[in-house]
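Engineer: Provided herewith is a single structure, encoded as structure tokens, for subsequent inquiry.
The values are calculated or read from the model by the stated rules, or taken from the named source; none is laboratory data. The model shown is predicted, which means the values in this text are computed figures rather than measured ones. Glycine gets a Cβ as well: all are built from the backbone with ideal geometry, and neighbour counts include every protein chain shown. The accessibility values were calculated without ligands, DNA or RNA, using every heavy atom of the protein model including side chains. Shrake-Rupley method; radii C 1.70, N 1.55, O 1.52, S 1.80 Å.
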Amino acid sequence: MSKVENLTPSCPINITINILSGKWKVAILWHLSKEIIRFNELKRLLPDITHKTLTMQLRELERDKIIYRKAYAEVPLRVEYGLTELGESIRPLLKSMCDWGKEYKRQFN
């Protein structure tokens, strides 16, 4: 997904929005915040995502230095994804989002 346009690039909230924009990025980061995961496992954890979309979202997160990709020289190729040191710093945000969602669900369901 492309970056959100018409946002002031120097504004910290806009930087965050641009990095996390994309239907699946937060869900991908949530799973990666728990453990290092291989591509096919991510695909299983997110059954409605297409192969192409997962690949694009992972590439964007890697480009933004939030996750890393580690490929092993094996046949078949084994690729793992995990959070970078910078990506680790997003864990509190993800936890806050989860907590907020639980509270919202509790109040309105």
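Engineer: Mind checking which residues of the range 89-101 are closer than 20 Å to Leu42 by Cβ and in a loop (DSSP other than H, G, I, E, B)?
Structural biologist: The answer is Ile90, and nothing else.
Engineer: Suppose we filter Ile67, Ile49 for residues that are modelled with pLDDT of 95 or more, touching a Ser or Thr at 6+ places or on another chain (Cβ under 9 Å) and open to solvent by less than 30 Å² (accessible area, probe 1.4 Å); which single one remains?
Structural biologist: After applying the criteria, what remains is Ile67.
Engineer: Just to be sure, is Lys34 exposed (fewer than 14 other Cβ atoms within 10 Å of the Cβ), modelled with pLDDT of 95 or more and not in a loop (DSSP other than H, G, I, E, B)?
Structural biologist: For Lys34, the condition - exposed (fewer than 14 other Cβ atoms within 10 Å of the Cβ), modelled with pLDDT of 95 or more and not in a loop (DSSP other than H, G, I, E, B) - is not met.
Table: residues versus (1) without any contact (Cβ under 8 Å) to a residue 60 or more places away in the chain; (2) part of a helix (DSSP H, G or I); (3) open to solvent by less than 30 Å² (accessible area, probe 1.4 Å).
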| residue | (1), (2), (3) |
| --- | --- |
| Leu58 | yes, yes, yes |
| Ala71 | yes, no, no |
| Glu80 | yes, no, no |
| Gly87 | yes, yes, yes |
| Glu103 | yes, yes, no |
| Arg106 | yes, yes, no |
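Engineer: Quick check: is even one residue across the range 4-24 crowded, with 17+ Cβ neighbours inside 10 Å, hydrophobic (A, V, I, L, M, F, W, C) and at pLDDT 95 or above?
Structural biologist: Looking for residues that are crowded, with 17+ Cβ neighbours inside 10 Å, hydrophobic (A, V, I, L, M, F, W, C) and at pLDDT 95 or above, one finds at least one in the range 4-24, hence yes.
Engineer: Which members of the range 57-109 meet the condition of being hydrophobic (A, V, I, L, M, F, W, C) and over 11 Å from the mean Cα position of the chain (by Cα)?
Structural biologist: Selection gives Ala71, Ala73, Val75, Leu77, Val79, Leu86, Leu93, Met97, Cys98, Trp100, Phe108.
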